[in-house]
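The values are calculated or read from the model by the stated rules, or taken from the named source; none is laboratory data. A quick note: this is a predicted structure, and the numbers were derived from the prediction, not measured. Methodologically, a virtual Cβ is constructed for each residue, glycine included, from the backbone with ideal geometry; neighbour enumeration extends over all protein chains shown. Accessible surface is based on the protein model in full, side chains and every heavy atom, while ligands, DNA and RNA are left aside. Shrake-Rupley method; radii C 1.70, N 1.55, O 1.52, S 1.80 Å.
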Amino acid sequence: DSLSKVAKAAKIAERMVNLNTFDDIAQDFKYFEDASDEFRGQEGTLLPLWKFQYEKTKKLAVTAISWNPKYKDLFAVGYGSYDFMKQGHGMLLLYTLKNPCFPEYSFSSESGVMCLDFHSDHPNLLAVGFYDGNVAIYNLKKPASQPSYKSSAKSGKHTEPVWQVKWQKDDMDNNSNFFSVSSDGRIVSWTLVKNELVHMDVIKLSGDGTTMQGPEGLQLQTLGSGTSFDFHKKIDYLFLVGTEEGKIYKCSKNYSSQFLDVFDAHHLAVDSISWNPFHLKVFISCSSDWTVKIWDHTIKTPMFVYDLGTAVGDVAWSTYSSTVFAAVTIDGQAHVFDLNVNKLEPLCTQLVVTRKKNKTTHIQFNPAYPIIIVGDELGLVTCLKLSPNLRKMPK
């Protein structure tokens, strides 16, 4: 007990030291508004603030980023590798803006972390998906090194990497539950009942719904590979799934064998897909085929198509305006768009990482502050501040 008191004091002291060390950045974060925005017309800039890096994650890529819904300065970063020849261990770190030098929590895993998601009502619960097909729940109230719950080969783990996990509202019996999507073509619902994870297959994706003609006239069912998905913000049963073949399926939790709709969206894998938080019909998708597309889910063709000139790793809607979104491309650039201002070009395209062999992988807007965080392949997370032109609030 005496140690924990010392640890608490040490943590506060460390934050104070960091606040003094990074005082100029903290001042920029709070007060600096780029004055040259007035003369730029509509374009804006991203001001680099802190860089978050940790000794043990230097060889790993940032594979997932998620802001905590309750503590606006806290975010989780998952580390692993996208190169299937170089799979090793993974790490899960939690950083706060109050201490850029050292992670608040750190967890190590045997397999690379591929995705993570905070629970919106229980901010201490973090769902994580791994490269080996397992899913786990970490409880930050218990600072144990192992996850509180984890799937196993007996309990229906995926056979391929888990690309995305998303929490859902608690079910009728108040059990927490989340969904996972994987390249094995299964979308699985995981429920926390008493003290174990219970799984249920929601949908098996089939490639085009066609059967391939195998040798000697055998019918082979081809499986589609899910790469990303997102649930509708209001309509509880509706969700979208992006696949490796570039198709997007509109699905319902109520029908496990049928899709409501299929969009021929991209030529290569759909890397990220998400519903607009304000506009209930609109969603955005990005792909390695260089494009970002914005869709109305009732129309089969995209409303906007942006060609960013190189593979797009991730795209995110802003949390303050229905028309602002940001994307990162693998050449290390971040692009910020505001459709309200310019429907054709990004308002800002900026290099975030410079090293030749480095690629930017993920981007997220903070729910409260005008900042974004960008992760890259060398385990570095960069925090950037949006200049005033990039964060105009709609009237």
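If you go through region 321-333 and pick out every residue that is over 20 Å from Trp275 (Cα atoms), in a loop (DSSP other than H, G, I, E, B) and open to solvent by 10 Å² or more (accessible area, probe 1.4 Å), you end up with 2.
Scanning region 226-237 for residues that are within 18 Å of Val165 (Cβ to Cβ) and touching a strand residue (DSSP E or B) at 6+ places or on another chain (Cβ under 6 Å) yields Gly226, Thr227, Ser228, Phe229, Asp230, Phe231, His232, Lys233. Just one of (1) touching a Ser or Thr at 6+ places or on another chain (Cβ under 6 Å); (2) free of Cβ contacts under 8 Å to residues at least 40 places away in the same chain fails for Val312. It is (2). Number of residues in region 356-395 that are under 20 Å from Asp28 (Cα atoms) and outside any strand (DSSP E or B) equals 11. Tell me, please, whether a residue that is more than 24 Å from the chain's Cα centre (by Cα) and either at pLDDT below 85 or part of a loop (DSSP other than H, G, I, E, B) (or both) can be found in region 45-58. Within region 45-58, not a single residue is more than 24 Å from the chain's Cα centre (by Cα) and either at pLDDT below 85 or part of a loop (DSSP other than H, G, I, E, B) (or both). Taking Ile65 as the residue in question, decide whether it is among the hydrophobic types (A, V, I, L, M, F, W, C) and farther than 24 Å from Thr227 by Cα. Criteria not met by Ile65. So, of the residues in region 158-182 that are within 18 Å of the chain's Cα centre (by Cα) and farther than 18 Å from Leu238 by Cα, which turns out to be most open to solvent (accessible area, probe 1.4 Å)? In this case the residue turns out to be Trp163. For region 97-131, a residue qualifies if it is buried (at least 20 other Cβ atoms within 10 Å of the Cβ) and charged (D, E, K, R), and exactly one does: Asp117.
Within region 144-201, being of a type in the set (A, V, I, L, M), under 13 Å from Gly133 (Cβ atoms) and out of contact with any Asp or Glu (no Cβ under 6 Å at 6 or more places or on another chain) holds for Ala153, Val162, Val181. Take Val353 and decide whether it is part of a loop (DSSP other than H, G, I, E, B), without any contact (Cβ under 8 Å) to a residue 40 or more places away in the chain, surrounded by 15 or more Cβ atoms within 10 Å (Cβ to Cβ) and of a type in the set (A, V, I, L, M). Yes; evaluated as a whole, the condition is true for this residue.
Give the residue, chosen from Phe84, Phe39, Phe32, that is out of contact with any Cys (no Cβ under 8 Å at 6 or more places or on another chain), open to solvent by 20 Å² or more (accessible area, probe 1.4 Å) and in contact (Cβ under 8 Å) with a residue 12 or more places away in the chain.
Exactly one of Phe84, Phe39, Phe32 is out of contact with any Cys (no Cβ under 8 Å at 6 or more places or on another chain), open to solvent by 20 Å² or more (accessible area, probe 1.4 Å) and in contact (Cβ under 8 Å) with a residue 12 or more places away in the chain, namely Phe32.
With respect to Leu240, is the statement that it is over 21 Å from the mean Cα position of the chain (by Cα), crowded, with 17+ Cβ neighbours inside 10 Å and touching a residue at least 40 places away in the same chain (Cβ under 8 Å) true? So Leu240 does not fit the description; no.
Checked against the criteria, Lys141 does not count as free of Cβ contacts under 8 Å to residues at least 40 places away in the same chain, charged (D, E, K, R), over 23 Å from Phe179 (Cα atoms) and open to solvent by 40 Å² or more (accessible area, probe 1.4 Å).
When you check Thr63 against the structure, is it of a type in the set (Ser, Thr, Tyr) and either within 17 Å of Leu386 (Cα to Cα) or exposed (fewer than 14 other Cβ atoms within 10 Å of the Cβ) (or both), yes or no? Judged against the criteria, Thr63 is not a match. Within the option set Ile330, Ile371, being touching a Cys at 6+ places or on another chain (Cβ under 7 Å) and at pLDDT 85 or above holds for one residue only, Ile371. No other residue among Val305, Val336 is over 16 Å from Lys51 (Cβ atoms), of a type in the set (A, V, I, L, M), in a strand (DSSP E or B) and free of Cβ contacts under 8 Å to residues at least 24 places away in the same chain apart from Val305.
Once region 249-302 is narrowed to residues that are part of a strand (DSSP E or B) and among the acidic types (Asp, Glu), the residue that is most open to solvent (accessible area, probe 1.4 Å) is Asp264.
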